[in-house]
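No lab work stands behind these numbers, since they all come straight from the coordinates. Being a predicted model, the structure only gives us computed values, none of them experimental. Reconstructed Cβ throughout: ideal geometry from the backbone, glycine too, with neighbour counts over all protein chains shown.
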Amino acid sequence: MGKKVNFQIPFNQDINNFVFKQFHQYDDFRIIKQSLDARGAPSGKTPRYNYTIELINKGEQFCTFQETFKTVERSTPVPIIVGMGPAGLFCALRLLEYGIKSILIERGECARRRMVSIAKYWRTGVIDLDNNVCFGEGGAGLFSDGKLTTRVKSPYIQYIMNTLVNFGAPKEVAYLSNPHLGSNKMKKLVSEITSFLKINGCVIHYNTQVTNILLDRADGLSVQGVQTKDGKKIYSKEVVLATGHSASDMYTHLSEQNIAMAPKNFAVGVRVEHPRKLIDRAQFGQFAGNKQLGASNYRLSCFNKIKNRGVYSFCMCPGGYVLSSGTDQDGIVVNGMSNYDRNSPWSNSGLVVTVEAGRDFALGADNLGGIRFQREIENKAFCLSKANASAKEVPACNLMEFLKEKNKSSGLLKSSVPSGIFHAQMNQILPAFVVENLQEAMVQFDRKIKGFISKEALILAPETRTSAPVTILRDRETLESDSCKGLYPCGEGAGYAGGITSAAIDGVKAAMSIVGLP
């Protein structure tokens, strides 16, 4: 058994030298956890790393956790997994560990080929409804910062991190407190996972959209399989629905099939983009620009008790890009992305305002009022782009202008957006309560990050796909749909996750339920 110790050292001190000097009586060590503390950096205090390490003597071995999996014998047809984002992929991986092969169905292309359609969309404005930033192998997380942080408490977190490392993620993913993969590493990693699944007997259907959940209504409601857009039927008594938060056509279909759903609160707002140097300087002070620190992250939030409104940063991308991420012909959406090195000249983050079902949009008999709320905003952005540019550019204005509510353009700054930007007033796109709460919150955020309100910053809109606008109701224990036996709503699209890691956790939990284990 090794010995675990905690300590803190300056960020620029080599940990190997430190451990060799302080713990020279031990034979070897490994890092269990590493986190950066740079809270005092703006005032000149040297940033420090907090470490937890494990030390071993000669002849000892590091503590390991090795799960054992017993093959489960089954007579039923193999499970069907609809969607190949983190939830779907990790569900398939976990099932395979118990000897259960699955059929995976993805409406879009494989990860390596998705970029062709996406690049065309950014260049011409012509969108592929099945291959875009949200749809395709890897899901929406493939074009993000690849953040692996989560507030969810789960025994599967370390399993997921270790699995990612086994498939090629950097080793530090297993121990960093805020690990990230970056979009460039995500593509290769996802390809490795799907290759493994295919080699081990899983069947994968790309460019295949599921349009119908086949149901048996003879004795209650139970799933019988799925039907694809070309009319093909694939049968199974277990269907995992992991279609992501943007598959509005699936929500419509489920509503028509009387699958139990409920409206869900979410958030909408904008992306704010600063020069990376500005944010790094505000967060790291004189230490900004040091390669050992990299690009600076931030997390901001505030709550107005009188208005009962929250505003918070969402999916902050240090050294990243803002992408046009729509999924409809007549809508524009923005999202953030960064590569592993986080080396672009810009840093961006979503700044979003909470939107409440029943308060901000009508619930509707079909429970899809949130989707209509999103689409109305996205369509306004598209119509403005079509009227003032070529329908592919993203609406933007300077941050100072946004706060002063000027009616005339003060000139746009350079942006990271690959499809381009055009000048627009945010109140032409976003509801008044969203604009007002954002304006008030930015004043508070400027107190927390000096220089956040800057003439060098841009506002880009709209950020509307923060999470699913509905929850597909399910049993807490079995994870089966409340109204349909054998249907497992899973991940972000079902309303039970909010990022790559939490979606992967939910996929594992769905698999364990199918296996019949807690």
query = Which is farthest toward the positive dipole end of the chain among 369, 76, 221, measuring Cα position about the Cα centre, with Cβ charges +1 (Lys, Arg) and -1 (Asp, Glu)?
reply = 369
remark   = Once both label points are put 7 Å beyond Cα along the C-beta direction, the residue 196-residue 233 separation in nm becomes 3.6
For the chain, radius of gyration divided by Kirkwood radius, i.e. Rg to Rh on alpha-carbons = 0.98
query = Packing-wise, with mean Cβ within 10 Å as the measure, how do 459-465, 17-23, 222-228 rank, highest first?
reply = 459-465, 222-228, 17-23
message = Within a 10 angstrom radius of the beta carbon, how do 281, 476, 39 rank from fewest other beta carbons to most?
response = 476, 39, 281
query = Helices from the chain with mean Kyte-Doolittle at least 1.0 and a Cα length along the axis of 20 Å or more, per DSSP H: which?
reply = 500-515
message = If packing is taken as the average number of other Cβ atoms within 10 Å across a peptide's residues, how do 413-421, 312-320 rank, most packed first?
response = 312-320, 413-421
task = Please work out the Cα center distance from the range 458-518 to the range 148-216, rounded to the nearest Å.
result = 15
key: Packing-based exposure ordering (other Cβ within 10 Å, fewest first) of 33, 153   = 153, 33
remark   = From DSSP H assignment alone, runs of 4+ in the chain each adding -39500 (n - 2.57), the sum over residues rounded to the nearest 500 puts [θ] at 222 nm at -8500 deg cm²/dmol
ask   = If you rank 204, 118 by fewest surrounding Cβ atoms within 10 Å, what's the result?
value = 204, 118
message = What's the ranking of 504-510, 44-50 by average number of surrounding C-beta atoms within 10 Å, highest first?
response = 504-510, 44-50
query = Tell me, in nm to one decimal, what length is gained between residue 257 and residue 62 on full extension, where the rule is 0.36 nm per residue of separation less the Cα-Cα distance?
reply = 64.9 nm
query = Dividing the Cα convex hull volume of the range 3-56 by residue count, how many Å³ per residue is that?
reply = 65
